[in-house]
């Protein structure tokens with residue numbers, strides 16, 4: 001007697017990393033401008049609106065498509081970034097220009113540490129996204145220290161790290177977009193292990209463990 005068969009339907013989707021990383025680059029760049037004094041503190045609400053209107057929806061969308069693409073790093077990383085920037089944007093918008101917030105500071109310490117979970121997972125598959133997520137975590141932690149202390153040194157450090165993060169995010173976004181469109185790497189993403197298998201390995205190997213993935217197995 002033959003065993004019952006189960007069909008799992010997979011749907012191709014566009015890679016979400018470029019969308020999310022471009023959103024990250026914009027948010028961290030304008031926030032660095034505010035922290036380094038390039039933008040007047042009185043324009044803090046405009047900075048917040050840029051983040052809320054542009055970055056948050058882009059990263060939320062990238063997170064959803066990360067889940068659909070069965071990429072836990074993209075899904076978790078972009079979901080965290082979307083929520084963190086939403087909190088930063090709302091607190092900045094509702095607060096007084098140039099003020100700090102202990103509540104936001106504590107939040108950013110935890111949120112920054114949380115970013116290192118998807119970052120550490122990414123290091124075994126894609127180095128460029130791993131560096132972006134790691135730097136994002138550092139950026140949030142340092143910003144949290146500024147919010148808690150009000151120290152200009154921490155503010156300047158957060159601004160500089162934010163600029164480095166923006167550059168890394170733009171690079172990773174371009175690399176991911178070129179790879180997605182050209183179907184070959186133009187700028188290296190640093191793929192290795194399962195990350196390299198995903199674009200170079202036989203299709204049968206890529207779906208070998210699908211029966212044990214969330215949504216297919218009985219429980220999460």
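Note on 139, 184, 70: ascending count of other Cβ atoms within 10 Å places them as 184, 70, 139, the fewest first. Here the scattering of the stretch 17-193 is modelled by Debye summation over its C-alpha atoms, one equal scatterer each and no solvent; at q = 0.09, 0.20 Å⁻¹ the log10 of I(q)/I(0) is -0.28, -1.31. Each residue in 13, 56 was given a count of other beta-carbon atoms within 10 angstrom of its own, and listing them fewest first yields 13, 56.
Values quoted throughout were computed directly from the atomic coordinates according to the rules given, and no laboratory measurement underlies them. Just so we're clear, the structure is a prediction, and the values are computed from it rather than from any experiment. With ideal geometry, Cβ positions are generated from the backbone for all residues, glycine too; neighbour counts draw on all protein chains shown.
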